[in-house]
1. Hey, what do the phi angles of the stretch 66-78 turn into as Karplus ³J(HN,Hα) couplings, whole Hz, using 6.51/-1.76/1.60 and θ = phi - 60°, x for Gly and Pro?
2. Starting with the fewest neighbours, write out VAL55, VAL44 ranked by other beta-carbon atoms found within 10 Å of each beta-carbon.
3. Figure the gain on full extension for THR91 and ARG71 (residue separation times 0.36 nm, minus the Cα-Cα span) and round it to one decimal in nm.
4. How much length is gained on full extension from LEU52 to ALA37, taking 0.36 nm per residue of separation minus their Cα-Cα distance?
Amino acid sequence: MTPLSYLTRAISTDSPASLTWSSEVFIRSKAARTSAAPDLAMTVRELGALYLGGVSATTLARAGRVAELTRGALARADRFFCVSPAPWCGTHF
């Protein structure tokens, strides 16, 4: 099941975006299982950070949290998960 927030999210790319993570491939707002080799390696923590839009895949890779397994995958992930405006929380806990 695809979350509603994913279905309504604007994708920042001019070509069909795809990102392979674990055994799922996300194409626009559809998810399907695949046996294709992954483009990036990360844990669910990094995927969550990318999904929320506060950090780029390239930044996480520089920190050693994401591994690029296919050349160009970081740039595609940066475009895929880019949000504008950037997330911001005005509430201080």
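1. Working through the residues one at a time gives 10, 10, 8, 9, 10, 3, x, 5, 5, 4, 5, 5, 4 Hz.
2. By the 10 Å Cβ count, ascending: VAL44, VAL55.
3. Taking THR91 through ARG71 to full extension adds about 3.3 nm, to one decimal.
4. 2.9 nm
Each reported figure results from applying straightforward, stated rules to the coordinates on display, with no laboratory input. On a predicted model such as this, the values are computed, not experimentally measured, just so you know. Don't worry about glycine lacking a Cβ; one is built from the backbone with ideal geometry, like all the others, and counts go over all protein chains shown.
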